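The values are calculated or read from the model by the stated rules, or taken from the named source; none is laboratory data. As the structure is a prediction and not an experimental result, all values here were calculated from the model. A quick note on method: Cβ atoms are made from the backbone with ideal geometry, for glycine too, and the neighbour counts reach across all protein chains shown. Ligands, DNA and RNA are stripped out before the accessible areas are found, and what is left, the full protein with its side chains, is counted by its heavy atoms. Shrake-Rupley method; radii C 1.70, N 1.55, O 1.52, S 1.80 Å.
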Amino acid sequence: MALNSRSALHPKWLTHSNPVASGFYFATIEIFDPNASAGTYNATTNEWTSARTVLWTGKARVQAVRKAIARDVQSDPSSFQMFEVHIDMQGNTLAGSENTMPDIRANHQLFVTDSPYDESIEGYIFVITGTLSTSNPWGKMLQCEVDQEVKRVVSP
């Protein structure tokens, strides 16, 4: 056997280390394409109803990565916050099959559907601005932007 012929990592390292990362995933999220989701307007009640086509749902870690910045949106001052959302790819419901990541792209959106330690983030619309990944097969990182002036209506 040559001196450096084996991998630096033991083959079981990938499965052995998975619980370390997934131990930080406290939030539950839904990722969807807003352009592929249907919406219906009811003129009588002045309400929109929509049926989201969910691309992926599962556990995640939602982490603010910098302080909010002010920016004008159509002459209306808004406050934007950048987030990293780390997705647990093991044992989650994916679009059609297990352990296959759907094609998540910029401008897709995600909702935090459950956050036991910070319920306030359940009311925001996270717009995906980048879909970075890691070489580790159990996770994926998404860059998201949140307009803190816009909140979604969350029914109890």
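Miscellaneous remarks
- Residues within the stretch 90-113 that are open to solvent by less than 80 Å² (accessible area, probe 1.4 Å) and at pLDDT 85 or above, tallied: 8
- Given (1) crowded, with 16+ Cβ neighbours inside 10 Å; (2) without any contact (Cβ under 8 Å) to a residue 24 or more places away in the chain, index of the condition Asn18 fails: (2)
- Ser50 falls short on exactly one of the conditions (1) under 18 Å from Tyr124 (Cα atoms); (2) surrounded by 13 or more Cβ atoms within 10 Å (Cβ to Cβ), and that condition is (2).
- Test: Val65 is aliphatic (A, V, I, L, M), at pLDDT 75 or above and open to solvent by 40 Å² or more (accessible area, probe 1.4 Å): yes
- Beta carbons closer than 7 Å, at least 6 apart along the sequence or on distinct chains, pair a first residue in the stretch 140-156 that is within 21 Å of Ile104 (Cα to Cα) and at pLDDT 85 or above with a second that is surrounded by 17 or more Cβ atoms within 10 Å (Cβ to Cβ) and aromatic (Phe, Trp, Tyr) for Cys144/Phe83; Cys144/Phe126; Val146/Phe83; Val146/Tyr124; Val146/Phe126.
- Residue among Thr49, Thr15, Thr40, Thr28 that alone is closer than 28 Å to Gly139 by Cα and part of a strand (DSSP E or B): Thr28
- Subset of the stretch 72-89 (residues that are open to solvent by 80 Å² or more (accessible area, probe 1.4 Å), assigned to a strand (DSSP E or B) and at pLDDT below 75): Asp72, Asp76
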